[in-house]
Amino acid sequence: MSDHFDTEDSRTDITDLYLFRAPGGGDRSVLVLDINPDASALEDSFDPAASYELKIDTDGDLEADVAFHVLFASSPDGGATATVYRSTDAAARGTGPIGEVVISRAPVSVGEAAQTVAADGYRFFAGLRSDPHFKDVEGFRNDFQFTGTDAVADRNVFGIVLEVPNAALGTAPIRLWARTMAPVDGKVAQVDQAGRPGINNTFNLPIPDRLAFNETAPTQQRARFRDKFLAVLGSLGYSGVEASDLLPALLPDVLGYDWSDPGGYPNGRRLTDDTADLLVAMLTKGRVTTDGVGPHADLLDEFPYLGVPHPVPDTAADN
């Protein structure tokens, strides 16, 4: 799928990252971080020991200058709440509960009703939702023999949606990536990261390589993975020059965004942007241009934009 199923703990597995202008005007933007491709109301869909982080580079050095961190905790009624922190400058490169609290103890939603919170120009939602990603997954696995079957259509994710004033993102253009930080062998470590859709699952097929990519910061990705990415592009029929020209659109794995241009991916990423078609065209050098799957019809026109969750099956779906 996009960035699905590339970590060992689904609760800290980033599935997709989106960033787009809020409807109704150009002075606000929406950040969507979806996690957990096996999200279910019947089990924990997030890790209360983890920090779910949105990192923003405003000066091109691939170091965070602004960051939003979301942390979860149990509530007395048996549910859960989320608190959102915003930090800037050197503090933005840290992890966990650092910076200014912009959303405090927002309720986490598990049913169809979306419990949203607004405070000081921010809007926030966290909870179980329909997965907005769309792709003929089996067609990608079957040598691009597409049937138009969307394997993601009935899946849920745990969605984190934050609508902010553009000024809170820093100076445009920005580069955005998400990461999840959690205890590993007694120490807090990066367990997943993602910016553009599909990068890790496309170019790092062996599981150890995927895990290594997840643990690598954008500042180190080009040096560590450049040769491998170029080799994959070469195996697809690209010349050395062509592969080198394509590389900046793949590494580092960050999502560029300028809110003055509402054009969509690769300028940010809207929930309806057909990134699967762009991916298949690249992988086949234009021989195939579509997987025959389009955006989901359950997206909302208003905040939090993600569709209501699908009924939870008795058994987990196959990967």
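Values in this text are rule-based calculations from the coordinates and carry no lab data. This one's a predicted model, so the numbers in the text were calculated from it and none came from an experiment. With ideal geometry, Cβ positions are generated from the backbone for all residues, glycine too; neighbour counts draw on all protein chains shown.
At-a-glance table
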item	result
For Arg105, Arg129, order by how many other beta-carbon atoms lie within 10 Å, fewest first	Arg105, Arg129
Euclidean distance between Cα centres, the stretch 72-89 to the stretch 24-48, Å	13
For the chain: relative contact order, % (alpha-carbon pairs under 8 angstrom, 6 or more apart)	22
Packing-based ranking, highest mean first, of 214-221, 238-245 given that Cβ atoms within 10 Å are counted	214-221, 238-245
Estimated vicinal HN-Hα couplings, Hz - the stretch 191-205 in sequence order (Karplus 6.51, -1.76, 1.60; Gly, Pro = x)	10, 7, 8, 7, x, 6, x, x, 5, 5, 5, 7, 9, 10, 6
Mean Cβ count within 10 Å, highest first, over the residues of peptides 92-102, 146-156	146-156, 92-102
Cα-based reach from Lys228 at 24 Å (exclusive), listing lysines while leaving out same-chain residues under 8 positions away	Lys285
